[in-house]
Structure formats: structure tokens, C-alpha cells
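Please read the structure below before turning to the comments.
The values are calculated or read from the model by the stated rules, or taken from the named source; none is laboratory data. Just so it is clear, the structure is predicted and the values come from calculations on it, not from any experiment. Here the Cβ is made from the backbone with ideal geometry for all residues, glycine too, and neighbour counts use every protein chain on show.
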Amino acid sequence: MRLTLPTVLLGATLTSCQVPSFVSRDTPSSLASEIRVTLKPMVAGLEAPTWGQEMAPSVPEGWTGPIEDTYTHIRTSRNVVAITFDDGPHGENTPRLLDMLKARNIKATFYVVGDMIKYHPELLARMIAEGHEIGNHTVKHNSLARMSDESLLTELRACHEQIVAACGVPPKTMRPPGGAIKKSQKELMLKELGYPTILWSVDPLDWKRPGVDVVTSRIVNGAHPGGILLAHDLHKSTVDAMPATLDQLLAKGFEFVTISQLIAMDEKPPELTKTPETLTKSSKVSTDSPSSDTMTISNQAKSAP
Ligand code: NI
């Protein structure tokens with residue numbers, strides 16, 4: 001089915017990804033606080049959503065479950081990061097960025113917006129051809145947090161179909177505009193669409209255009225094993241910062257993978273292998289602690305400027 005897409009001017013509808021004040025550009029002070037002992041249910045439906053179409057079941061490589069409903073980073077000792085670029089594709093900045101990535105053999109993940117895809121669908125095919133991954137960043141880049149479940153699913157399905165139409169590869173993950181999303185919505189998207197929600201652990205606030213050198217230093221200094229790096233190919237200044245950023249990360253020994261590859265590398269919490277007695281004790285601690293969402297926001301709020 002061919003979707004009829006709105007023709008609203010981009011400048012009026014697109015805002016930056018970063019809105020929440022609780023999101024810090026700093027790396028979380030202790031990744032250990034993120035480790036949870038709750039045994040998560042196995043999640044069916046990791047295959048790309050089909051919405052009634054007949055499609056052979058397929059589980060993304062390495063995704064054996066349980067998949068969490070949210071990732072800001074993964075737990076790993078490997079010197080690996082996923083760099084993500086949001087709000088494109090942009091007709092000038094994105095091809096320039098793709099050239100930079102290709103020259104360094106770096107694979108990235110692009111969270112694309114439907115209202116941008118319609119102008120440059122060919123760029124999605126190029127991303128796939130060059131080994132990158134594409135994720136769902138909605139059609140209109142409006143905040144999802146206040147949407148009804150029905151509206152949210154409609155918005156994401158429409159962007160999903162645009163991505164498939166442009167490049168033939170269904171997205172496996174999503175990123176909410178502004179990072180604004182409710183826990184219940186994350187669970188809904190994982191259940192109904194198979195999408196884990198991808199946030200980030202390193203935010204250079206590049207959309208504020210702090211200067212090329214500042215963007216580079218924030219990303220390079222914030223990068224950590226398992227980190228998810230946030231940036232925006234919508235902005236020229238961000239792309240201008242990439243040669244130095246990428247070169248410095250490579251010089252520090254970081255390996256770049258896409259988001260799906262990163263999730264597949266997530267090392268399970270050590271508590272899961274402990275004895276039932278230990279688990280009971282740990283569970284009690286966990287019960288007394290804030291939920292993972294609350295904890296993440298709380299930690300970030302402490303370090304926010
Ligand atoms: Ni965005």
C-alpha cells in the first residue's frame with residue numbers, strides 16, 4: 001500500500017532530538033547501577049513486524065533474547081561503541097557523512113524521519129549498501145509521550161513502511177524524538193512492533209551548535225565500552241565535527257558497530273548466574289531500588305548542568 005505522506009515544511013516540524021533536561025552528555029557515573037537482577041521474560045516477536053503480511057520468521061543475528069525494552073548502552077568489557085545519527089537523511093550533510101564513514105570503514109546507525117525520507121529516499125539505499133543500519137525515528141518527529149497507543153503505533157508503522165519502501169530492509173529498533181517516551185509505551189512497542197527503544201549514554205548536545213571542537217571533545221571524552229553515541233546528521237556543524245571525532249575514537253581503539261550488533265554483544269548481568277539464595281537477596285535489594293527508568297533519570301539528573 002502506498003502511503004500518502006504529509007507535505008508539511010520540515011523546518012516547521014522538526015526539532016532536535018534532545019529535549020529532556022535530565023539527559024546529560026556525561027557518561028553515567030556507574031554502569032553497575034544499571035545492572036538489574038530481574039529475570040526478564042523472553043520476548044517473542046523479535047522478527048521484523050509484518051502486520052498481517054506473510055513473512056518467513058527471522059530473528060536478527062545474535063538476538064537470542066531476552067531483549068530489553070530500552071537500551072542506553074550495553075554491558076561489555078569490549079572496546080566497542082555504536083554511533084548514531086538522527087533526524088536525517090539530509091540532502092547535503094548525510095552524503096558527506098557517508099563519505100567520511102566509508103573512508104574509515106565505520107558502520108553507523110541512522111534514526112531517520114519519515115518527513116525527511118520522502119525527499120531523499122535514495123540515501124537509505126546507500127546506507128544499507130554501505131553496511132549501516134537504519135532505525136525508526138517516526139514520520140513527523142513529534143513527541144510520542146502524550147500520544148495514544150493507537151496514534152503511536154500508527155506513526156511508527158508509517159515510518160517503518162517508508163523505510164522498507166526506500167531500502168527494502170525493515171528497521172529493528174526505534175528512537176523516540178526528544179527521548180520522550182513512557183515505560184508503558186516502550187513495552188507496547190516491543191510487544192507490538194518488536195522494537196526495543198534506543199536512547200544513548202553520550203550526548204554532545206550538538207544540536208545547540210556548540211562548535212566543532214566541542215562536539216568532538218564531548219563525544220571522544222564521553223565514549224566508553226558499550227556506549228551509544230548520539231549525534232545529528234541534520235546539522236552541518238555536527239558533520240563538520242566528524243572527521244576529528246571518528247579519527248580520535250579510532251585512535252583510542254574503539255570498534256564501531258551498529259545498534260543491532262551492539263545489542264547482540266550485551267553481556268548478561270552476573271547476578272543471573274548466582275545461586276537462588278543469592279538471587280533472593282539481590283532481588284530484595286532490587287525491589288527496594290527505583291525502577292531502571294527512574295534510576296537512569298535520577299543518575300543523569302545528578303550530573304546534569
Ligand atoms: Ni530527533
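In this structure, Leu156 qualifies as closer than 16 Å to Asp86 by Cβ, surrounded by 16 or more Cβ atoms within 10 Å (Cβ to Cβ) and not charged (D, E, K, R).
Here Asp99 meets each of (1) surrounded by 16 or more Cβ atoms within 10 Å (Cβ to Cβ); (2) free of Cβ contacts under 8 Å to residues at least 40 places away in the same chain with one exception, condition (1).
The rows are residues; the columns are (1) buried (at least 17 other Cβ atoms within 10 Å of the Cβ); (2) in a helix (DSSP H, G or I); (3) within 16 Å of the ligand (Cβ to nearest atom).
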{"site": "Lys186", "(1), (2), (3)": "yes, yes, no"}
{"site": "Leu190", "(1), (2), (3)": "yes, yes, no"}
{"site": "Pro204", "(1), (2), (3)": "yes, no, yes"}
{"site": "Trp207", "(1), (2), (3)": "yes, yes, yes"}
{"site": "Asn221", "(1), (2), (3)": "no, yes, no"}
{"site": "Ala231", "(1), (2), (3)": "yes, no, yes"}
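When we screen Ile128, Ile106 for residues that are part of a helix (DSSP H, G or I), surrounded by fewer than 22 Cβ atoms within 10 Å (Cβ to Cβ), more than 16 Å from the ligand (Cβ to nearest atom) and touching a residue at least 40 places away in the same chain (Cβ under 8 Å), the only hit is Ile128. Here is the figure for the stretch 141-156: residues that are closer than 16 Å to Val112 by Cβ and assigned to a helix (DSSP H, G or I) total 2. For the structure I just gave you, tell me whether Lys182 is farther than 25 Å from Ser143 by Cβ, at pLDDT 95 or above and surrounded by fewer than 21 Cβ atoms within 10 Å (Cβ to Cβ). Considered against the rule, which asks whether it is farther than 25 Å from Ser143 by Cβ, at pLDDT 95 or above and surrounded by fewer than 21 Cβ atoms within 10 Å (Cβ to Cβ), Lys182 comes out as no.
Checking each residue in the stretch 157-176 for being over 17 Å from Tyr71 (Cβ atoms) and either within 16 Å of the ligand (Cβ to nearest atom) or part of a helix (DSSP H, G or I) (or both) picks out Arg157, Ala158, Cys159, His160, Glu161, Gln162, Ile163, Val164, Ala165, Ala166, Cys167.
When the stretch 212-261 is filtered for residues that are over 28 Å from Pro66 (Cα atoms) and hydroxyl-bearing (Ser, Thr, Tyr), the ones remaining, listed by number, are Thr216, Ser217, Ser237, Thr238, Thr245.
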